[in-house]
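Since the structure comes first, as structure tokens, the remarks are kept for the end.
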Amino acid sequence: MRRFVLPETTLMVALCTWDMLYTLYCVRAGLAQEANPALKDSLAHSNVEFLILKGSTFLVPVIVLEVIRSHRPKLVSFAMRFGFIAYAAIYIGGSIALVGKF
């Protein structure tokens with residue numbers, strides 16, 4: 001039986017959504033600054049613009065991968081796992097580096 005989405009997809013979307021919402025909270029609370037210039041400009045306009053732009057940076061690739069999964073299931077599963085591990089490592093590394101500045 002084919003799953004609607006891979007567990008790896010669910011994990012990736014959950015991590016990216018957490019990052020997006022936590023970034024928005026921290027920036028609005030004055031605890032952090034957005035480093036990406038395009039996202040920084042969108043934050044200057046509105047929270048909704050930021051959420052749409054940031055959300056599209058991970059939702060579009062995830063949707064594309066899920067669409068092609070029927071043709072290349074092993075590749076998509078590997079790509080999702082690799083992407084999740086890489087994103088998590090970068091996120092954790094960045095968080096540790098940020099804490100070290102305080």
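Every number here is computed from the coordinates shown, using simple stated rules; none is lab data. Everything quoted here is computed from the prediction, not taken from an experiment. Methodologically, a virtual Cβ is constructed for each residue, glycine included, from the backbone with ideal geometry; neighbour enumeration extends over all protein chains shown.
Of all complete DSSP H helices in the chain, those with a Cα span along the helix axis of 27 Å or greater and a mean Kyte-Doolittle hydropathy of 0.0 or more are 7-28, 47-68, 73-100. If you take every residue apart from Ser77 with its C-beta less than 12 Å away from the C-beta of Ser77, what net charge results, scoring Lys and Arg +1 and Asp and Glu -1? Neighbourhood net charge equals +3.
Positive-end ranking of Met20, Ala79, Ala44 along the dipole of the chain, with charges on Cβ about the Cα centre, is headed by Ala79. With contributions of -39500 (n - 2.57) from each DSSP H run of at least four residues, the per-residue ellipticity at 222 nm computed over the chain stands at -27500 deg cm²/dmol. Charges were assigned to the Cβ only: +1 to each Lys and Arg, -1 to each Asp and Glu. The resulting dipole of segment 7-100 about its Cα centre is roughly 280 debye. Distances between placed amide hydrogens fall under 5 Å for Ala32 paired with Val27, all partners being 5 or more residues away or on another chain. Stokes-Einstein, applied to the Kirkwood radius of segment 7-100 over Cα pairs at a viscosity of 1.002 mPa s and 20 °C, places its translational diffusion at 149 µm² s⁻¹.
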